[in-house]
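The values are calculated or read from the model by the stated rules, or taken from the named source; none is laboratory data. Owing to the predicted nature of the structure, the values given are computational and were not obtained by experimental measurement. Backbone-built Cβ (ideal geometry, glycine too); neighbour counts: all protein chains shown. Only protein heavy atoms, including side chains, enter the accessible area calculation; ligands, DNA and RNA are left aside. Shrake-Rupley method; radii C 1.70, N 1.55, O 1.52, S 1.80 Å.
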Amino acid sequence: AFLLGCGAVLLGACSRGPSGHARGIYHRVAPGETLSDISRRSGLSLREIISANRLRDTRVQPGQTLFLPGVHSLGPDPLARPVAVTTAVAATAYQLVNRQSWGALPPKGNHDPMGTINRLTIHHTDEIAGIMQGSDTEVVRFIAHLHRDRAGWADIGYHYLIGRDGRVYEGRPLTIQGAHAGGDNNRHNIGIAVIGAFGHRLPNPRQMNTLSALIPDLSARYQLGSRQLFAHRDFTNTECPGDALYGWFQRHRQTDLVARS
């Protein structure tokens, strides 16, 4: 995909675009990416992109190729900038990318309030075909798309997602019950997903450092003991969060339980 993308860029720089523009680049739409995202990064208006590609409206599909006239390269996505958490414990341990920063849509109305938080559950996202080579921001957006548009949920199912970059991406607001553990298991339950598949290996060191900081931070904030910390497979017949991560999580719970006793 990287070689094809580079070839497309070179082609766009050396040939005329579909609307007769002499120079520009071709951009392949990533999963979860919108025309507004491309407009913001390219500096072109929506009208210019629509005109150059003879689009009927602003809708684009993953994998679709767009010609961007007069553009030499896309700038960085400003929505990917992290925002540090405000709690004193966590601010030195991990960074939080808030919902606005990764481009979350407002939650739909089909949800229940969270109420009092009294447990926490760990997940992995597993591998997502065709998207894992993208940035963590793109992965989070695509998961939100799957949960909202395909599953019909109110919002992304998890409250937090730990990216491969070690940052914590804010998911569903904590005021809203999640959709991650199944049925009543979601009640009063914070859902944390680590991006990746961890059946045979642990998350990378950045993710492990963040997970090791996030769990104690949330446990302290909501006064959760070791017996209130769960993995997805504790509720149902699933491999989630993978054997390797589950083994680490069991040791983490036991160590914390001994320390508190």
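Restricting attention to region 26-65, which residues are modelled with pLDDT under 80, of a type outside the set (A, V, I, L, M, F, W, C) and either farther than 19 Å from Gly103 by Cβ or buried (at least 19 other Cβ atoms within 10 Å of the Cβ) (or both)?
Gly32, Glu33, Asp37, Gly63
Based on this model, can you work out whether Thr238 counts as within 24 Å of Arg187 (Cα to Cα), of a type in the set (Ser, Thr, Tyr) and without any contact (Cβ under 8 Å) to a residue 60 or more places away in the chain?
Yes, satisfied.
Return the residues of region 121-151 that are assigned to a loop (DSSP other than H, G, I, E, B) and of a type in the set (Asp, Glu); say none if nothing qualifies.
Within region 121-151, Glu127 is the sole residue that qualifies.
I need every pair where a residue in region 171-191 that is closer than 17 Å to Ala231 by Cβ has its Cβ under 8 Å from the Cβ of a residue that is among the hydroxyl-bearing types (Ser, Thr, Tyr) and outside any loop (DSSP other than H, G, I, E, B), sequence separation at least 6 or different chains.
From residues that are closer than 17 Å to Ala231 by Cβ, the pairs are His180/Thr121; Ala181/Thr121; Asn185/Thr121; Asn189/Thr121; Ile190/Thr121; Ile190/Tyr160; Gly191/Thr121; Gly191/Tyr160.
Can you name the residue in region 66-78 that is touching a strand residue (DSSP E or B) at 6+ places or on another chain (Cβ under 9 Å) and surrounded by 15 or more Cβ atoms within 10 Å (Cβ to Cβ) and is also modelled with the lowest pLDDT among such residues?
Leu74
Do we find that Arg150 is within 21 Å of Gln207 (Cα to Cα) and open to solvent by 30 Å² or more (accessible area, probe 1.4 Å) in this structure? Quick ask: steps written out before the conclusion?
Working: within 21 Å of Gln207 (Cα to Cα): no; open to solvent by 30 Å² or more (accessible area, probe 1.4 Å): yes.
For Arg150, the condition - within 21 Å of Gln207 (Cα to Cα) and open to solvent by 30 Å² or more (accessible area, probe 1.4 Å) - is not met.
Is region 125-132 home to any residue that is over 25 Å from Asp243 (Cβ atoms), in contact (Cβ under 8 Å) with a residue 12 or more places away in the chain, open to solvent by 20 Å² or more (accessible area, probe 1.4 Å) and of a type in the set (S, T, N, Q)?
Scanning region 125-132 turns up no residue that is over 25 Å from Asp243 (Cβ atoms), in contact (Cβ under 8 Å) with a residue 12 or more places away in the chain, open to solvent by 20 Å² or more (accessible area, probe 1.4 Å) and of a type in the set (S, T, N, Q).
Count, please, the residues in region 178-232 that happen to be of a type in the set (Lys, Arg) and either under 13 Å from Tyr94 (Cβ atoms) or open to solvent by less than 10 Å² (accessible area, probe 1.4 Å) (or both).
1
What single numbered condition from (1) free of Cβ contacts under 8 Å to residues at least 60 places away in the same chain; (2) within 26 Å of Glu138 (Cβ to Cβ) fails to hold for Val168?
Of everything listed in (1) free of Cβ contacts under 8 Å to residues at least 60 places away in the same chain; (2) within 26 Å of Glu138 (Cβ to Cβ), Val168 misses just condition (1).
For region 221-232, check the following and say yes or no: at least one residue is in contact with an Asp or Glu (Cβ under 6 Å, 6 or more places away or on another chain) and free of Cβ contacts under 8 Å to residues at least 40 places away in the same chain.
yes
Filter region 152-165 down to the residues that are assigned to a loop (DSSP other than H, G, I, E, B), under 12 Å from Ala193 (Cβ atoms) and either among the polar types (S, T, N, Q) or touching a residue at least 40 places away in the same chain (Cβ under 8 Å) (or both) and list them by number.
Once the filter is applied, which keeps residues that are assigned to a loop (DSSP other than H, G, I, E, B), under 12 Å from Ala193 (Cβ atoms) and either among the polar types (S, T, N, Q) or touching a residue at least 40 places away in the same chain (Cβ under 8 Å) (or both), region 152-165 yields Ile156, Gly163.
Given (1) part of a loop (DSSP other than H, G, I, E, B); (2) in contact with a strand residue (DSSP E or B) (Cβ under 8 Å, 6 or more places away or on another chain); (3) closer than 17 Å to Tyr222 by Cα, identify the lone condition not met by Gly115.
Only one criterion in (1) part of a loop (DSSP other than H, G, I, E, B); (2) in contact with a strand residue (DSSP E or B) (Cβ under 8 Å, 6 or more places away or on another chain); (3) closer than 17 Å to Tyr222 by Cα is unmet by Gly115, namely (2).
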